[in-house]
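The values are calculated or read from the model by the stated rules, or taken from the named source; none is laboratory data. No experiment lies behind these values; they were computed from the predicted model shown. As a convention, Cβ positions derive from the backbone with ideal geometry for all residues, glycine included, and neighbour counts pool all protein chains shown. Side chains are part of the model used for accessible areas, which takes the heavy atoms of the whole protein and leaves out ligands, DNA and RNA. Shrake-Rupley method; radii C 1.70, N 1.55, O 1.52, S 1.80 Å.
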Amino acid sequence: TLSSSSAASDVYKRQRPSDGRAATAAAAAGALAPAEARQKIVEYEAFLRDKLQPDLAAALAALDGAHAELADALALRAQLSAIGELGARPLKMRVNLGNDFFAHALVPDTASVCVHVGLGFFAELRAGEALAFVDAKEARLNVRIGELSGRAGTIRAHVQVLLDAIAQLSGNRLAAGR
């Protein structure tokens, strides 16, 4: 995965069709013969279909995953706050066993909780430690969401440039999709 929009831009610049930048070809659309213009349109459409659209879908899926993970972290924070308000009393709760099948459970000691720390590992933490873990995880996820949003925005910009170039090469002076 790419971590910055400039890196993403460099990758797309290297993988563009043989003539270089789409904007350059579109600007020279008047100088191209109709057969050459059709060939460029086919190249740009193939690049759009084979590279940009799958990359955009992957970036948006990763962004959705990061948002879901952030929502889980915020839910954990709310649950830890609720447990903290109860003090050291036993806690009765319903536990989801999977497929929305719930069972009643009694937690005799709420002084420590098991927290999923990643890769299938759980750690038994005190409430303060768990809140510190959630804070760190939230900060990390916010940075990741920013990176993924930037990457998706860069890919969208590349798609728009390519659509504009295709529109100019096809003789349509109106920008595609606007």
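Structure values in brief
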quantity	calculated
Other-chain or far-sequence residues with amide H under 5 Å of residue 110's (modelled H)	none
Intensity falloff of segment 93-178 expressed as log10 I(q)/I(0), Debye formula with alpha-carbon point scatterers, at q = 0.17, 0.20 Å⁻¹	-0.89, -1.03
Rounded accessible area per residue of segment 44-165, 1.4 Å, Å²	61 Å²
Radius of gyration, Dmax [segment 40-87; alpha carbons; angstrom]	20.5, 69
Förster radius 22 Å - calculated FRET efficiency between residue 61 and residue 82, Cβ distance, rounded to 0.05	0.10
Amide hydrogen neighbours beyond the local backbone of residue 91, cut-off 5 Å, H modeled	107
Surface share of carbon and sulfur [accessible, 1.4 angstrom probe, percent] for segment 37-98	59 percent
